[in-house]
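The block underneath contains the structure these notes are about, expressed in structure tokens.
The values are calculated or read from the model by the stated rules, or taken from the named source; none is laboratory data. Since this is a predicted model, take the numbers as computed values, not measurements. As a convention, Cβ positions derive from the backbone with ideal geometry for all residues, glycine included, and neighbour counts pool all protein chains shown.
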Amino acid sequence: MKRIAIIGGGGYTSSELLRLLVGHPHFEVVRITSRSNSGRRVSEVHPFLESLIDLSFEENEPNLVTRDVDLVFLALPHGVTASFVKAIGPTEVPLVDLSGDFRLNDPSTHNHTYPETPLLSDLRNEFVYGLPELFRDQIRKAKNVACPGCFATGAILALAPFADANLITGSPIVDGKTGSSGSGASASSTTHHPERVERFSAYGALTHRHAPEIHQALNELQSDLKPITFVPHSTPMVRGIYTTAYIDNRNHKLSPEAAREKIADFYQDETFIRLRPSPSDCGVVARTNFADLWATSNNEVIVVTSAIDNLVKGAAGQAIQVANLIFDLPETSGLLFPGTRP
């Protein structure tokens, strides 16, 4: 068994990591830390884990987190992780980061997108971008991995087959919709349930920090890609990222069948990518590591939809998929489970 530490154990991402790792055949969580819950039993903070995990939260001590473990999941907030990694110092233990602190390669793009996070150029070079379906070989050889954001995961998976075929002209338009769990465990005026339940609104239009991340990943497939036009929306659902992407089709004239064939061919060997016969549905993928895609077109535009669970394929599940690759385990280990509906 590989011994796992989770750093930053009070939020939704870490609780989802725990939920998924309970049944993992090759991983055992032996340490979990939390700044606010140190000394409390894990099942006291996360009661759904009662009788499943017999651990207490420890302090976030950088000099202790890699001791006697084989891998560390970092589930700290943006702006905190980079300084924490620096404090850990040199280590041979792989770090899998779920924050945005090491996702962007270009220094100026990072400084503009995450001004609260130090650049740490030398450390940044040790992290590879952790989207397995596109960067599997790099992940297997990586020292450390920066997992993608949830919006970025949904958008990249939707657009990658068309970028790979150099079919994206102009600026692709991405419309993303997220559930309330994407805002974290702490309630605010916009995430508190009585406020959120009947709201549906855009936010961060053209300024969301996942846009450069989407462009960076897709630019590896199509080097002349224009910047992404990205508008996220807040919805009343709890879990899910729903992406609708629009690609100019006036030059290519791909039929609906040809558009869907591009997706099928590109992801033909990917267990967690499913091409659906009708538009994707967040309810179908909730609590799973699957990403469901669908496409159609006319002579003007190609429309691609994707649906993922923001806490699983958009965060904890994808991080475990990455860890499986790092240890050369079957990539699906601990992740092949269906959703629950209703």
### Summary
Taking first residues from segment 39-61 that are touching a residue at least 24 places away in the same chain (Cβ under 8 Å) and second residues anywhere that are charged (D, E, K, R), the pairs with Cβ under 6 Å that are 6 or more apart or on different chains are Phe57/Arg40; Asn60/Arg35
### Query
Does Glu133 qualify as being of a type in the set (D, E, K, R), outside the structural domain of Tyr12 (by TED's automatic domain parsing) and either farther than 30 Å from Arg41 by Cα or touching a Leu at 6+ places or on another chain (Cβ under 8 Å) (or both)?
yes
### Task
Those residues that are surrounded by fewer than 21 Cβ atoms within 10 Å (Cβ to Cβ) and not β-branched (Val, Ile, Thr), I need them from segment 293-319; list them, please.
Ser297, Asn298, Asn299, Glu300
### Task
Report, ordered by the first and then the second residue, all pairs with beta carbons closer than 8 Å, sequence separation of six or more or different chains, a first member in segment 314-332 that is closer than 23 Å to Ser15 by Cβ, and a second member that is assigned to a helix (DSSP H, G or I) and among the acidic types (Asp, Glu).
Ala315/Glu16; Ala316/Glu16; Gly317/Glu16
### Task
Please work out which one of (1) over 19 Å from the mean Cα position of the chain (by Cα); (2) at positive phi is the condition Ala264 fails and give its number.
(2)
### Message
With modelled with pLDDT of 95 or more, closer than 30 Å to Leu336 by Cα and not aromatic (Phe, Trp, Tyr) as the only criterion, which of Thr271, Thr235 stands out?
### Response
Thr271
## Note on the structure
Apart from one, (1) part of a helix (DSSP H, G or I); (2) modelled with pLDDT under 95; (3) under 25 Å from Pro115 (Cα atoms) all hold for Ala185; the odd one out is (1)
### Task
Run Arg196 past the list (1) buried (at least 20 other Cβ atoms within 10 Å of the Cβ); (2) modelled with pLDDT of 90 or more; (3) among the basic types (Lys, Arg) and report the number of the one that doesn't hold.
(2)
### Task
Go through segment 221-256 residue by residue and tally those that are acidic (Asp, Glu) and within 18 Å of the chain's Cα centre (by Cα).
0
